[in-house]
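Novice: Provided herewith is a single structure, encoded as structure tokens, for subsequent inquiry.
The values are calculated or read from the model by the stated rules, or taken from the named source; none is laboratory data. Predicted model only: the values in this text are computed from it and were never measured. Every residue, glycine among them, receives a Cβ derived from its backbone with ideal geometry; neighbour counts consider all protein chains shown.
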Amino acid sequence: MDLMQFIKEDFSRWQSFTIIPRPAMHVPGGVLELMPICDNEKYYTFKYVNCHPKNTLIGKQTVVATGQISEINTGYPLMFSEMTLLTALRTAATSALATDLMARKNACTLALIGTGAQSEFQVRGLQLVRDIKEVRFFDIDPNAMNKFEKNLRGSRLKLVRCKNAQDATMDVDIITTITACKGHVDVIKNDWLREGVHINALGGDTVGKTELESSILPRCRIVVEYFDQSFVEGEIQRLSRKKAKKLVNAELFELVNGSKSGRIDDKEITLFDSVGIALEDYSALRLTLKLSEKYNIGEELNLTPMITNPKDLISTINLGEINEGTFLSGVKPYIM
């Protein structure tokens, strides 16, 4: 709940940030991304993150991430942090915030398509904003479904294991898609959707990767985080820029500040076309820094040279010990 509040606070200050679409390097088997953002009042943050869907075949995670927060008045780093777990937490908090602003107030049934590493976080996040009673779930990997069911056993939720995505999504109030398959895949079909459903489309988060049948989009009130990034990476990437501009009702900050509405009536189909943006990582790092200072969490390491004369950088090196094959004595590597 604290993280969701931090994200809400930061979206409400949207105009205070310098934001750019994240640069991405597409490589064989995945994508490598850097997500920078600058709060013009205090901090600069960035996150490095990847997505390699086939990693699980060799016992590695699909997504791993690290991040840094720095003060803007000096440029000095304040904290370097893991962000694999933080990414899962901030994604769940953001979709919970959007769901609270867009889903019907009486929504209580959830369909979850994709039961990978982030799935349980999504359920827990949505429970903060709606009285979720039943979760219908499906994944193409039976072991992932077993893991999901085991982790949520005893949660007082009615867990319904489904044979396919259609079985899971029929007659539910909220649909969350969070698959890793790279391609224009119709995970959800238009014919399956009933009036009043809210969709969190989270898995379509890079070029050439979508989860919804394209005919769904014109039926929806669509909200994105940041149009310039969503148009490249989200569900709306399959549209022309002109049509996407016309169909997108709002960016998330406009719902947060109340200038636009996430839902008009209970019959409307709403879609949060989420790709994840650097502002959400900024909020996660800002909260982590606050908690680390409050509870003295973490290890203090100096990753910048310690010098008395700012212009005498070479003094950090013992020139007399520089020999072939010898690491510079004044600079020590940190291995994680």
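Novice: Across the range 46-65, what is the number of residues that are of a type outside the set (D, E, K, R), farther than 19 Å from THR179 by Cβ and in contact (Cβ under 8 Å) with a residue 60 or more places away in the chain?
Specialist: Selection size over the range 46-65: 1.
Novice: Answer with yes or no whether LYS133 is basic (Lys, Arg) and either farther than 27 Å from ILE7 by Cα or in contact (Cβ under 8 Å) with a residue 40 or more places away in the chain (or both).
Specialist: Judged against the criteria, LYS133 is not a match.
Novice: Of the residues VAL129, VAL135, VAL123, only one is part of a loop (DSSP other than H, G, I, E, B) and in the same structural domain as ILE174 (by TED's automatic domain parsing); which?
Specialist: Step by step, each of VAL129, VAL135, VAL123 is checked, and only VAL129 is part of a loop (DSSP other than H, G, I, E, B) and in the same structural domain as ILE174 (by TED's automatic domain parsing).
Novice: Here is a follow-up. Might you let me know whether the range 64-77 holds any residue that is within 22 Å of LEU255 (Cβ to Cβ), small (Gly, Ala, Ser) and either in contact with a His (Cβ under 7 Å, 6 or more places away or on another chain) or surrounded by fewer than 20 Cβ atoms within 10 Å (Cβ to Cβ) (or both)?
Specialist: No, the range 64-77 has no match at all.
Novice: Out of the residues in the range 66-77 that are among the small types (Gly, Ala, Ser) and part of a strand (DSSP E or B), which is farthest from LYS182 (Cα to Cα)?
Specialist: SER70
Novice: Right, something else. Just name the residue that is farthest from ASP139 (Cα to Cα) out of those in the range 176-215 that are under 21 Å from the mean Cα position of the chain (by Cα) and among the hydroxyl-bearing types (Ser, Thr, Tyr).
Specialist: THR206
Novice: Also, quick follow-up: Give the residues of the range 257-302 that are among the aliphatic types (A, V, I, L, M), exposed (fewer than 15 other Cβ atoms within 10 Å of the Cβ) and assigned to a helix (DSSP H, G or I), sorted by residue number.
Specialist: LEU291
Novice: If you take the residues of the range 7-35 that are in contact (Cβ under 8 Å) with a residue 60 or more places away in the chain and in a helix (DSSP H, G or I), which of them is nearest to the chain's Cα centre (by Cα)?
Specialist: ILE7
Novice: Still on this structure: Kindly provide the set of residues from the range 221-250 that are among the hydrophobic types (A, V, I, L, M, F, W, C), closer than 22 Å to ARG263 by Cβ and touching a helix residue (DSSP H, G or I) at 6+ places or on another chain (Cβ under 8 Å), ordered by number.
Specialist: ILE222, VAL223, VAL224, PHE227, ILE236, LEU239, ALA244, LEU247, VAL248
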